[in-house]
Amino acid sequence: LSRLADGLLHSDGTALACSDSDLIDETGARVGWTAWERMGVGRKKLRTLREKPFGLLLHGPCITGMTMMFRADLRSRALPIPEGWPHDAWIAMVASIVSDIKVIPDCLSGYRVHPNQLTYVPASGRKPWEPLAMRSARYLEGARRYQKAIERVRRWGDDLPTMDAIRHLDGKAGFMLARSRIYQSR
């Protein structure tokens, strides 16, 4: 906690600090991967997370809630969390739109993985096969989620970073909708 707090205290332009975490089993033993390694966040993506976090987070979440700390003034933009958004993905996305993100590349916690994992860090490292109709529905839900993000960000005002974020969020929503349609067609 103190390392995350230091990341916030030493930078006025930073609204969120985050770190990596060791993946551990039910006994607390390391399983050999960190959360970022399992999510494919290597050196290049870490640099992007430091320098252009919004662009990286548009491609998918890579900051878990248990590894983040954010300034209290971020709450007014982040809350309430829109329906369909995982809390950590939404908070990180909001922070990336309005500020910098302090990335601490060290593992500051242990993240327990197990066979019934519900989050995006599967214990096996493999995603189960998904029927095409389910993929279509998942992408359609993603498009709706990004539309909700656009609605929220529009309420913040019309400053340049916000307008740029809306343009990118709209592109992501359009992409998700197009992907949904692909899986509906033969």
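Taking the range 56-110 only, how many residues are assigned to a strand (DSSP E or B), open to solvent by 20 Å² or more (accessible area, probe 1.4 Å) and either in contact with an Asp or Glu (Cβ under 6 Å, 6 or more places away or on another chain) or closer than 20 Å to Ala35 by Cα (or both)?
The first filter runs over the range 56-110 and keeps only residues assigned to a strand (DSSP E or B), leaving 68-70, 100-110.
Next, only the ones that are open to solvent by 20 Å² or more (accessible area, probe 1.4 Å) stay: 68-70, 100, 102, 105-110.
Within this subset, residues satisfying the condition of being either in contact with an Asp or Glu (Cβ under 6 Å, 6 or more places away or on another chain) or closer than 20 Å to Ala35 by Cα (or both) are 68-70, 102, 105-110.
Residues meeting the conditions: 10.
Which of the residues spanning the range 129-186 are under 19 Å from Gly55 (Cα atoms), of a type in the set (A, V, I, L, M, F, W, C) and exposed (fewer than 12 other Cβ atoms within 10 Å of the Cβ)?
Leu160, the sole residue that qualifies.
Please work out if Lys102 is in contact with a strand residue (DSSP E or B) (Cβ under 6 Å, 6 or more places away or on another chain), modelled with pLDDT of 95 or more and of a type in the set (Lys, Arg). Before the answer, list the steps.
On the way: in contact with a strand residue (DSSP E or B) (Cβ under 6 Å, 6 or more places away or on another chain): yes; modelled with pLDDT of 95 or more: yes; of a type in the set (Lys, Arg): yes.
Yes: the conditions hold for Lys102.
Which ones in the range 25-55 are out of contact with any strand residue (DSSP E or B) (no Cβ under 7 Å at 6 or more places or on another chain) and assigned to a helix (DSSP H, G or I)?
Glu37, Arg43, Lys44, Lys45, Arg47, Thr48, Glu51, Phe54, Gly55 - these are the residues of the range 25-55 that are out of contact with any strand residue (DSSP E or B) (no Cβ under 7 Å at 6 or more places or on another chain) and assigned to a helix (DSSP H, G or I).
Say whether the condition of being open to solvent by less than 50 Å² (accessible area, probe 1.4 Å) and without any contact (Cβ under 8 Å) to a residue 60 or more places away in the chain is met by at least one residue in the range 17-35. Working first, answer last.
Just the residues of the range 17-35 that are open to solvent by less than 50 Å² (accessible area, probe 1.4 Å), to begin with: 17-25, 28-29, 34-35.
Adding the requirement that they be without any contact (Cβ under 8 Å) to a residue 60 or more places away in the chain leaves 29.
Checked against the condition, which is being open to solvent by less than 50 Å² (accessible area, probe 1.4 Å) and without any contact (Cβ under 8 Å) to a residue 60 or more places away in the chain, the range 17-35 yields at least one hit.
Cβ contacts < 7 Å: first residue aromatic (Phe, Trp, Tyr), restricted to the range 164-186; second residue at pLDDT below 95 and open to solvent by 50 Å² or more (accessible area, probe 1.4 Å), any location; separation 6+ or different chain. Result?
That search, which allows pairs on different chains as well, returns Tyr183/Leu132; Tyr183/Arg135.
Which one is nearest to Gly60 (Cα to Cα), of the residues in the range 111-124 that are open to solvent by less than 60 Å² (accessible area, probe 1.4 Å), under 18 Å from the mean Cα position of the chain (by Cα) and at pLDDT below 85? Don't jump to the end; show me each part of the working.
In the first step, residues of the range 111-124 are kept if they are open to solvent by less than 60 Å² (accessible area, probe 1.4 Å); the result is 111, 113-114, 117, 121-123.
Applying the additional criterion that residues be under 18 Å from the mean Cα position of the chain (by Cα) yields 111, 117, 121-122.
Now drop any that are not at pLDDT below 85, which leaves 117, 121-122.
Numbers: Gln117: 18, Val121: 12, Pro122: 15 Å.
It comes out as Val121.
Provide a single number: the residues in the range 37-60 that are aromatic (Phe, Trp, Tyr) and free of Cβ contacts under 8 Å to residues at least 60 places away in the same chain.
Of the residues in the range 37-60, the ones aromatic (Phe, Trp, Tyr) are 54.
After this cut, where a residue has to be free of Cβ contacts under 8 Å to residues at least 60 places away in the same chain as well, the list is none.
Number of matching residues: 0.
The values are calculated or read from the model by the stated rules, or taken from the named source; none is laboratory data. If you're wondering where the values come from, they're calculated on a predicted model, not measured in any experiment. Note that we place each Cβ from the backbone using ideal geometry, even for glycine, and neighbour counts take in every protein chain shown. Quick note on the areas: whole protein, heavy atoms, side chains included, nothing else; ligands and nucleic acids left out. Shrake-Rupley method; radii C 1.70, N 1.55, O 1.52, S 1.80 Å.
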